[in-house]
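Peer 1: The structure under discussion is supplied below as structure tokens; questions concerning it will follow.
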Amino acid sequence: MKKKWTMLGGAVGISSVMMIASGVSAFASTSGYDAYKSALKNTGTLQNVSVQTQASLQDNGKTLASAEGSFKVSLDTQTASGSADLKTNGSAQSVDFYKLKDQAVLKSSNDNTYYVEQELSHGKNKKDQKEKFDPQISQQAETVIDALVGNLKDYVEVDTKSNGSKAISANLDQTQIPAVVNAIAPIVIKHVSSQDHDGEQKDGDKNEFPLNRDALQAAAPKLTQDIKIEKVSFQADVTAANYIQHQEADVTISGKDASGAAHQIVVHVQADLSGYNTTKPDTIDLSGKKVQQLEHHRFGKHGETESVK
């Protein structure tokens with residue numbers, strides 16, 4: 001459960017994942033690379049933080065889907081709260097969530113039910129369950145990423161301001177993106193776009209959490225041929241205290257669908273951080289509210305509706 005809400009609230013890594021997935025890691029060994037790596041590590045030491053996120057998917061200049069989220073995350077208390085809004089092909093849906101110490105609570109804008117998932121202890125106490133940070137594994141992962149980056153580090157630039165803050169960026173066109181990345185990209189993209197949307201909310205299905213979690217994937221055109229990454233750009237703003245304040249990434253992909261129609265897809269993600277070590281997640285009182293119990297780690301199946309007294 002901790003991994004689930006940490007990933008949901010920890011939008012610090014969204015654009016970094018995008019960069020690594022496209023072969024352009026924001027970790028590096030030049031000044032720009034080191035500057036971002038240092039800021040990322042320092043931001044990772046925060047006990048709590050507020051994060052605002054945005055994402056969009058465009059095809060041939062038309063926005064097919066967009067998402068916005070606002071989260072409060074506290075690692076020291078193992079709690080989080082937030083909301084997310086998603087628009088796809090003209091339809092909108094939203095969800096509020098709360099991560100308490102022993103349960104997660106979700107509420108869709110589609111109804112007044114609060115969906116609760118209990119955290120299982122598996123017979124161990126909470127203290128024993130906490131995930132432990134292993135510096136050695138972290139260092140090994142960092143070494144592997146540094147090796148994979150290779151000469152891409154040369155494209156990471158840093159501009160240090162007079163107040164000590166930094167602007168870090170990387171921009172690559174098709175000629176600068178490694179051939180191996182564009183060789184692997186079609187395989188990955190085809191695989192992702194061909195996945196069944198078994199998490200989608202079915203009309204009239206009362207046994208599903210009322211949120212289409214596959215909407216972004218379903219909205220994307222399914223590319224089948226001539227797939228390649230055209231352009232990747234990344235930028236981050238780092239405070240004088242060496243915390244990431246803003247970061248965003250754009251990936252442009254071209255290709256054709258099964259009918260031969262050409263597509264140019266642009267994926268944009270960004271995150272803004274604030275409230276460093278001063279953020280307190282919101283809580284929820286379920287007394288008197290309509291509550292639906294969810295099975296652990298699943299949104300599709302749940303128990304009977306009940307009222308919490």
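Peer 1: Using R₀ = 25 Å, calculate the FRET efficiency as 1/(1 + (r/R₀)^6) where r is the Cβ-Cβ separation of S287 and Q54; round to 0.05. Numbers along the way, then the final one.
Peer 2: Working: r = 34 Å, r/R0 = 1.37.
Between S287 and Q54 the formula returns 0.15.
Peer 1: For E248, what accessible surface area do you get with a 1.4 Å probe? Give it in Å², rounded to 10.
Peer 2: The accessible area of E248 comes to roughly 40 Å².
Peer 1: Keeping all protein chains in place, calculate the accessible area per residue for the range 254-294 (probe 1.4 angstrom), answer in Å².
Peer 2: Ligands and nucleic acids excluded, the result is 50 Å² per residue.
Peer 1: Between T45 and N89, what is the spin-label point distance in nm, taking each point 7 Å from the Cα along the Cα→C-beta axis?
Peer 2: Between T45 and N89, the simple spin-label model gives 4.8 nm.
The values are calculated or read from the model by the stated rules, or taken from the named source; none is laboratory data. Because the structure is predicted, anything quoted here is derived from the model rather than measured. Every residue, glycine as well, gets a Cβ built from its backbone with ideal geometry; the counts of neighbours run over all protein chains shown. Protein only, heavy atoms only, side chains kept; ligands, DNA and RNA dropped before computing areas. Shrake-Rupley method; radii C 1.70, N 1.55, O 1.52, S 1.80 Å.
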